[in-house]
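Here the structure comes first, spelled out in structure tokens, and everything after it is commentary.
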Amino acid sequence: MSTAEHSIAVGSLTWFYREAVPAQPLDRPPVVLLHGLVSQSYGWRNILPALANQGFRAIAPDWIGGGRSDKPDRRDFAYTPDAFVEAIAAWLDALEIPTCTLVAQGFLGSAGIQFALRHRDRVQRLAILNAPIATAAQLPWRIRQLGLPLAGDMFTQDPLLVDRTLEGGGRYEVADEDLDVYRRPFLKSSDAGRSLLATVRNLQLPKVTAEIEAGLAEWSQPGLLIWGRQDPWLPLAIAEAAVQRNSNLELVSLDEVGHYPQEDWHEKVTEALLPFLRRQDF
């Protein structure tokens, strides 16, 4: 099963996204997979076709400001959580996707969780991978330094920040050919660094995590937390606490997997996702 690459204009912004369409689709909503910082839709490259092979249409966009999507000036896009929530809603509208299963990972994937909590009629199932879902979550220094005054302007123009962040989130080295893809936007233009700087500076993590923690406690649709146990930034205890607060949430923890499960060990992620997607007895 191959993965196609597309672009679509949504208002003044152009989104890049990857899509795998099954030969024999099931009667289920599409699965939308959202990446975190400093990743791209490329991180889902192995999971997209694996889901399509099982009958699920699977779609992964590059967030505005990341990957191959537009990187507008902050005067034209606010780079706040609310701006990202509104943007993903508009993107789904443009693709004529009224409802979906949402899979969100990491810092900025949190905006996808906010979208789900604010638009519960549009998200049939929610899966979360190593994301800041509790007020106990802290922005790691490796990401926080990207938003520092003066120094952040320099750090976010360094393509090697991708290597340091992706590999700092786990115990594995990312293959050079994959790092080449992640670095490319930063080598191509200074816009990628400026967008990342604006995103980190506007994460509003305390406000976002308070909304997510309260919202997940009341989440009534099917919910799955897939958690890499070796995440140095977001401990498993955060996911365990969420499941204790709400019996509608289930937890699958992954050994030898860090902050970016889709990059570290995609087979384990797919193995955890598929039963959740197939289940009809909710």
key: Reach of residue 207 by Cα under 25 Å, taken over lysines that are not fewer than 8 positions away in the same chain   = 71
message = Please give me the summed charge of the neighbours of residue 57: other residues whose Cβ is under 9 Å from its Cβ, Lys and Arg +1, Asp and Glu -1.
response = 0
task = For the chain, take the alpha-carbon Rg, divide it by the Kirkwood Rh, and send me Rg/Rh.
result = 0.93
inquiry  = I need the calculated FRET efficiency for the pair residue 124 and residue 148, taking r as the beta carbon distance and R₀ as 45 Å, to the nearest 0.05.
reply    = 0.65
query = Rounded to the nearest 0.05, what FRET efficiency do residue 178 and residue 237 have when you use their Cβ-Cβ distance and R0 = 35 Å?
reply = 0.70
task = Tally up the carbon and sulfur contribution to the accessible surface of the chain as a whole percent, 1.4 Å probe, everything protein left in place.
result = 48
message = Which one, 235, 140, 29, has the greatest fluctuation when you compute a Gaussian network model over the chain with C-alpha springs under 10 angstrom?
response = 140
request  = Only bridges with both residues in the chain count here: give the DSSP antiparallel percent, nearest 5.
outcome  = 35
query = Under a point spin-label approximation (7 Å from Cα along Cα-to-Cβ), what is the residue 250-residue 220 distance to one decimal in nm?
reply = 2.1
query = Spin-label point model (7 Å from Cα, Cβ direction): what's the residue 94 to residue 24 distance in nm?
reply = 3.5
ask   = All other residues with a Cβ under 11 Å from the Cβ of residue 41 taken together, and with Lys, Arg as +1 and Asp, Glu as -1, what is their net charge?
value = 0
ask   = Given N residues in segment 26-140, what is Rg(Cα) / (2.2 N^0.38 Å)?
value = 1.03
ask   = Per residue and in Å³, how big is the convex hull formed by the alpha-carbon atoms of segment 98-251?
value = 119
ask   = Loop-only check: which GluC sites (Glu not before Pro) in segment 222-282 are DSSP coil with at most 13 other Cβ within 10 angstrom?
value = 256
Partner aspartates and glutamates for residue 188 [C-alpha distance under 18 Å; skip if fewer than 8 residues away on the same chain] = 62, 70, 73, 153, 158, 163, 176, 177, 178, 180
task = Using the heavy atoms of the protein chains and a 1.4 angstrom probe, tell me the accessible area per residue for the chain in square angstrom.
result = 42
query = Radius of gyration and Dmax for segment 191-281's Cα atoms, expressed in Å?
reply = 15.2, 47
request  = May I ask you to give the average projected area over all directions of the convex hull of the Cα atoms of segment 71-138, in nm² rounded to one decimal?
outcome  = 5.2
Segment 40-52 - phi-based ³J(HN,Hα) in whole Hz, Karplus 6.51/-1.76/1.60, Gly and Pro as x = 8, 4, 4, x, 9, 4, 8, 7, 3, x, 5, 5, 4
request  = Identify, among 119, 270, 233, the residue whose Cα sits farthest towards the positive end of the charge dipole of the chain, taking +1 on the Cβ of Lys and Arg and -1 on the Cβ of Asp and Glu, with the dipole about the Cα centre.
outcome  = 119
note = When the charge dipole of segment 4-150 is computed with +1 on Lys and Arg Cβ and -1 on Asp and Glu Cβ about the Cα centre, the Cα farthest towards its positive end, among 139, 91, 33, belongs to 139
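The values are calculated or read from the model by the stated rules, or taken from the named source; none is laboratory data. If you're wondering where the values come from, they're calculated on a predicted model, not measured in any experiment. Don't worry about glycine lacking a Cβ; one is built from the backbone with ideal geometry, like all the others, and counts go over all protein chains shown. Keep in mind that these areas ignore ligands, DNA and RNA; they rest on the heavy atoms of the full protein, side chains included. Shrake-Rupley method; radii C 1.70, N 1.55, O 1.52, S 1.80 Å.
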